[in-house]
């Protein structure tokens, strides 16, 4: 550190530019556009067609600002920030331009707010109220277009509401890589429609609903079900496949109503696939509200005691015939505890890794992965050197009669018919499941656990990233999170396991598993009411 | 409106006056809890200040604003003689919500401090009778805190006298 | 038949009654309320009495606590107006006005409210003050046994409630005031009707006073009951008629004038002894002053709009809402998001029926308040009651309690 008293201005970091916006200086990386530069100052310039995850169209002209030495107003989304640029966003010319653009946009907009799905999270509403708020000057009838256009299996279009921003066209072209939407006609009569011979059926079609600033594109899955302002948001991670797209669970009154992607530049950017969006439907199908013993509902104490008794008997008879199936559909914490129980406390040899079978036809280079299990990387990291055998080995052992007892985590274990028959011949089958399907049917003891949207825990995606899930609502009935079930079972079998909460499990796991050394638990996420959280879209 | 009150406080407390705010015709002085009683006594007894009337005491929970320290206890005072008003704010950490009570100086703060304790869990040292006022004794938690959900259920209370 | 003398205290001879030994006694704990005819709006007092004399009183409010502050944090500013109605439910317009003024202070709109709206606020506010005082005096004297005065007062009060029902749609829960003005204009015959009612009210006050003020029984039950010195009253935070009865001349309308109160001529009554009788006299005097203010306001009220013409604050006309998308969006955002109040905090206080009614609102820039604290005068006044009750008889609790006008909704929030 030099001691001289003359203050020297620090040289700006390399590859940045410094410009002045509304009298304030700001330094941004080279290549940033003026709109993003203004956003870093907290100045949200109004824009419709601009989306940070899509290419620049500059067709809506809502983001016009005054830039010194430029006689005409410039669209800030398309103008790259340059050294020494002086930008005014709140002067007379820019403000008037903003108001006029909104007036044009609203000229033919139908008065649909009471019936429009987007109401409450509509960009047009928000920008009009914040930037314009003038009375209408229209005294002629509005132009009418088609109101209910079926674009494909997932989306319905209302052409009158469309403000012609072309975000949806760019999503199909750039994110899904398929050209399925197009604009036709000009001027007042310009309208959105499908490309010739195409239907909007790409696997990322519902992202167009997210990016649409108005209620022109609505998802058949959600339209008319619930109003946006009644929803609460909890951040979580999609458990459809190993990509682990970050999602927001939109829920109300203890049930999930839709999933939307959460921005994560490292994992899924702004998008997620349609199949992942539908994964909330399972949360209410055939759920177990409490544990079952021999197919009949029972209380937790009795169920745990029965399971403990059966497993202890099997262990003392012949340790080599007891198997434990971990699950790549469940959280790191649950798998860690089960592995600890099986490995360290019971010294079992038969440890398997279960889950859904891979689906290679599903994989694309965009977001969908062939592995439809969210936590394969996590379980493999937990097991470390000790390799787990896969479903094939489990089937072989079952058919070969080498197993007499099985403790299974998760019900998503697809076995071949012969193996399924062999399962019926087991002496002891204890399953920790949240739905009464497949292997959970006909088990001796079924311990009801919470599903992914009700869990607090972490999962590791295919990139090795440990991501946190937050519970949106409590599980049905008396179901418990899997980690707690395993602790109760262990204690009933006199194994020393005691944790105050799932954070304690995470902390211990983080210390033991080298791949998780950088993982962080973060802060608990309270549900945020969408109504007051500023409009999406 | 009462700028001279803030100036007098600045002169008396010097550095111990953490901050002052004047907005919307209100004057506020932010002080540390260690200086609270001294500042309050000065405001009451000094003839230029003569703050003889307690107006209200309450607490702001800044958890949702993401600001530290979490709690800010506000005391509002008024002078009947000079007709000026002032607000004293005391910042408190979440782990240590204790500060001295001003009830010995102004008995009017008695119940309002109890209410602040009831709703936010702020302990007032030196309060003659710090117990819950609006809620029953077996109530669990402090309802006006931001992390207390509005629809939280309370445990049922056993009535042993009915056995 | 057994000798009566033998039955009393086990003594057999009449001479034994003249002995000077005190009758052995011990302190008794009695519970008064919360379900008690004299405990207005559910308050429980755990009394420790020595015979009839109160030694200690533990006043326990909170039976009507309805979580106003927590609800206010989850509602938009316009949605809070019905909650404020239910605070001091005998003078609901005053609560509405106080809350509206608090929000306007944060929006810096205090001097831009249209004049007609300000006058309407004064009119309905003073009507609410009259109903508050009539209820207080009427109910308290009923508990002392003067049923007739109670009926006179309540009959008069009903005229005002009918008038306000014509205006706002409800007798008590008006939600008539809005941020930026009032929700709609006065009914066309409001001034005539009000004038007529005031003319009817004045003889009723004379009748009521005739039954009470010079009544020896009333006088004996009220004078020197529950006195407060001026310094004690101020230090206890008392305001309103209770403070003025102690001799302190503090009325928010005169000392920190707000709205258009500086344009009216009215007097502020001040008592001498601070006991229940003075409080009663102050209230009756204030009734007459409110009538004076109402007559002046009716004369001075100008024509004009009743809501400020600011699109950020006021709803658009229904005609344009249903026919233009711009007004539809504006209406929608107002209802859904609430009025966006810039971040800040402010304390606004008005002269409520009971004293200084204040709202301390902290906003975070969104359409809901971050915190909305009500400085309720009844709560503060109730805290002083245990001090006043000490040394008095149980039967004195009734006038003490009645004359501080503790309204349960305001006290418990």
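Only the coordinates and a few stated rules stand behind these numbers; no lab work does. If you're wondering where the values come from, they're calculated on a predicted model, not measured in any experiment. Methodologically, a virtual Cβ is constructed for each residue, glycine included, from the backbone with ideal geometry; neighbour enumeration extends over all protein chains shown.
In the stretch A:261-292, which residues have a backbone nitrogen under 11 Å from the label point lying 7 Å from residue A:528's Cα in the Cα-to-Cβ direction? Counting backbone N atoms under 11 Å from the label point, the list is A:263.
Is the stretch C:68-412 rounded, prolate or oblate when judged by the Cα gyration tensor, a ≥ b ≥ c being the square roots of its eigenvalues, rounded requiring a/c under 1.5 and prolate requiring a/b larger than b/c? Cα axes put the stretch C:68-412 in the prolate bin. Residues C:219, C:176, ranked from the fewest to the most other C-beta atoms within 10 Å, line up as C:219, C:176.
Taking a point 7 Å from the Cα of residue A:266 along the Cα-to-Cβ direction, the residues of the stretch A:235-254 with backbone N closer than 20 Å to it are A:235-248.
Dividing the mean sequence gap of close Cα pairs (under 8 Å, 6+ apart) by how many residues the stretch A:292-528 holds gives a relative contact order of 23 percent.
Looking at the stretch B:54-131, what % of the alpha carbon pairs are farther apart than 19 Å? So the portion of pairs separated by more than 19 Å is 35 percent. Against the longest alpha carbon principal axis of chain C, how many degrees, from 0 to 90 and to the nearest 10, is the axis of helix C:377-389 turned? Result, in degrees: 10. Secondary-structure-derived ellipticity at 222 nm for chain C, considering helices only, amounts to -15500 deg cm²/dmol, per-run term -39500 (n - 2.57) for DSSP H runs with n ≥ 4. Working from Cα pairs under 8 Å separated by at least six residues, relative contact order for chain B is 17 percent. Here the stretch A:501-523 and the stretch A:429-473 have alpha carbon centers that stand 19 Å from each other.
Restricting the calculation to Cα atoms, the stretch A:109-225 yields a radius of gyration followed by a Dmax of 14.4, 43 Å.
Summary of the geometry: the stretch A:35-69 and the stretch B:73-148, compared by the centres of their Cα atoms, lie 48 Å apart. Put simply, the Cα atoms of the stretch A:16-107 extend 41, 30, 23 Å along their principal axes, the longest span coming first. Among C:281, A:311, sorting on how many other beta-carbon atoms sit within 10 Å of each Cβ, with the fewest leading, yields C:281, A:311.
A rounded overall shape is assigned to the stretch A:331-490, the ratio a/c of its alpha-carbon gyration tensor axes (a ≥ b ≥ c) being less than 1.5.
How long are the three semi-axes of the equivalent ellipsoid for the stretch C:257-413, computed from the Cα gyration tensor as the root of 5 times each eigenvalue, in whole Å, largest first? The partial results should precede the final answer.
Numbers: eigenvalues 336, 106, 33 Å².
Taking √(5λ) for each Cα gyration eigenvalue gives 41, 23, 13 Å.
Using the eigenvalues of the Cα gyration tensor, what equivalent ellipsoid semi-axes result for chain B when each is taken as the square root of five times the eigenvalue, whole Å, largest first? Show your work: numbers first, answer last.
On the way: eigenvalues 212, 64, 33 Å².
After scaling each eigenvalue by five and taking roots: 33, 18, 13 Å.
Across chain A, C-alpha contacts under 8 Å between residues 6 or more apart give a mean separation that, scaled by the residue count, equals a relative contact order of 13 percent.
For the residues C:85, C:251, C:199, a GNM of chain C with alpha-carbon springs under 10 Å puts the largest fluctuation on C:199.
Computed over chain B, the per-residue total of -39500 (n - 2.57) for DSSP H runs of n ≥ 4 gives a 222 nm mean residue ellipticity of -6500 deg cm²/dmol, rounded to 500.
From the square roots a ≥ b ≥ c of the eigenvalues of the alpha-carbon gyration tensor of chain A, which class results: rounded (a/c under 1.5), prolate (a/b over b/c), or oblate? Since a/c reaches 1.5 and a/b is larger than b/c, the shape of chain A is classed as prolate.
Rounded to two decimals, the Cα radius of gyration of the stretch C:329-413 over 2.2 N^0.38 Å is 1.58. Taking 7 Å steps out from each Cα toward its Cβ at residue A:104 and residue C:335 produces label points 3.2 nm apart. With just the Cα atoms defining each centre, how far is the stretch A:311-358 from the stretch A:114-192? Give it in Å. Between the Cα centre of the stretch A:311-358 and that of the stretch A:114-192, the gap is 53 Å. Just to compare against my own numbers: the Cα pair-distance distribution for the protein assembly as shown, 20 Å bins, whole % per bin, please. Percent of Cα pairs in each bin: 10, 30, 32, 22, 5, 1, 0.
Mind checking Rg over Rh on the stretch A:344-437, alpha carbons, Kirkwood formula for Rh? List each step's numbers first, then the result.
On the way: Rg = 14.6 Å, Rh = 14.8 Å.
Radius of gyration relative to Kirkwood radius: 0.99.
As a rough footprinting exposure proxy, the listed residues B:30, C:141 were ranked by other beta carbons within 10 Å of their own, and the order from fewest upward is B:30, C:141.
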